[in-house]
1. Just order A:173-179, A:24-30, A:8-14, A:71-77 by mean Cβ neighbour count inside 10 Å, highest at the front, would you?
2. Non-local amide H neighbours of A:TRP196 (under 5 Å, H modeled in plane, Pro and chain starts lacking H): which ones?
3. Given N residues in segment B:45-143, what is its alpha carbon radius of gyration divided by 2.2 N^0.38 Å?
4. Suppose only helical runs count, i.e. DSSP H with n ≥ 4. What mean residue ellipticity at 222 nm does that imply for the protein assembly as shown under -39500 (n - 2.57) per run, divided by all residues and rounded to the nearest 500 deg cm²/dmol?
5. Note the per residue figure in Å³ for the convex hull of the C-alpha positions in the protein assembly as shown.
6. For B:MET29 and B:ARG82 in the same chain, what is the full-extension length gain: residue separation times 0.36 nm, less their Cα-Cα distance, in nm?
7. From the Cα trace of chain B, what convex hull volume per residue do you get, rounded to a whole Å³?
8. Pairs to check: A:LYS83/B:LYS32; A:LYS50/A:LYS237; B:LYS84/B:LYS131. Give those whose C-alpha atoms are more than 24 Å from each other in this structure.
Amino acid sequence: MHNTLTRVQNVFGFFTSVAFAVAAAIAMSVLLSPQTPSASLELRNVQVVKGRPHYYSTKREEYAHVKFDLDADLTSLFSWNTKQLFLYITASYPSSDPTIIPPSEAVIWDAIIPSDYAPLHPNTYIHPTSKTAPKPKKSAKGKGKKEVGKPYPAGASPGIVRLDNQKPKYQITDVSGKIAERENATLTLHWNVQPWVGALVWTNTKTVGRWQGLQGGEAKFAFPPLKGTEVKKDDLKTETGGERNRGSPA
Amino acid sequence: MFGSLAALQPRQLAAQILNFALVLSTAFMLWKGLSVFTNSSSPIVVVLSGSMEPAFQRGDLLFLWNRGIETQVGEVVVYNVRGKDIPIVHRVIRRFGGGSAPLSLLTKGDNNAADDTELYAHDQSYLDRSKDVVGSVVGFVPFVGYVTILLSEYPWLKTAMLIFMAASVVLQRE
């Protein structure tokens, strides 16, 4: 009755029950922390060019290069159960038959903003620093510590994003190959909160309990007509993210 | 230890075997019941690769839900490449169609710079939501699934665990 095997079994059983209960409590506690997200997203410039947007593209097609301004305050989304915030901006436009087919949507930019408590991972967003900030002096002794950029502006906290004339990460195409002169397009900010344990949460625009809906974060625009050869190559450069696997997807 | 096994009456031995079979079938029915509830062929998956780091590490357990027909951009889906049986967990970055038309999705891993176009079958440029997608991730528990990765990488562990479990169930009811 009281041999070692029974004791080990009982302890292990109790351990799993307690671990399960604690995990469930942590997952549910997210509902209690209030959220007040706000953002202002504006289109800066959009260009549509014909060419091969990806290295694997077999045919020339029209692709759009969308630059935007973003000023977001999403610090309230970071609770003690938040591992990271996946922020992404999409461009959506109506389909060929809007009454029965929903709009097409494509991501133009994304960023991974980890919580301060998350272990350091190279695949993190590095917030661009303002050009007027003083450069840190190089340490005189030895190699000196490598300066790692933070995912938020200097002096702020995770969730603050201030971008001006930001280049997109992806140039978007339509499945038909034509994206020029499409009307009623919308630029929208979304997020995905990744918890330490529990349910994944996406953008909420409506208020639910203590969680207020997102204020702002939308901009309407229209895709311009196709540009000819007057577009400079420099204008079509895209932003490089922190992804580690830069070759063929594994 | 085996002396006590030999002392069992045939009826008691039969009862033990039935008990063991009941445990196995209950576990199986719970799994299948969850499959029906979530409408997914595999409602709980283990992350096998590091292509979604730092969100999902190898060994994390993911809970899937397959009843959301209109999968949105930004959702994390688990899909099978046509012709292969390996489930891949990546995020949706583009969608076309939906409603009356079939929904086409393009996916990309958070830790991959390129999207999944090269992972799909040779003549496939997009995923079909109704055919290729196993489910969409709604919940997550870290590390717990690492046991299954160990089991698949060291097959002798599987046999050892089964023998140990069978022995403990049969010998316990004394």
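1. Those peptides, ordered most packed to least, come out A:71-77, A:173-179, A:24-30, A:8-14.
2. A:THR82, A:LYS83
3. Output field value: 1.01.
4. -7000 deg cm²/dmol
5. Taking only Cα atoms, the protein assembly as shown has a hull volume of 212 Å³ per residue.
6. 16.3 nm is the gain from fully extending B:MET29 to B:ARG82.
7. Taking the convex hull of the Cα positions in chain B, it is 147 Å³ per residue.
8. Over 24 Å Cα-Cα: A:LYS83/B:LYS32.
Just so you know, all these numbers are worked out from the coordinates, no wet-lab data involved. Quick caveat, the model's predicted, so the values are computed rather than measured. Because the Cβ atoms are built from the backbone with ideal geometry, glycine has one as well, and the counts that use them run over all protein chains shown.
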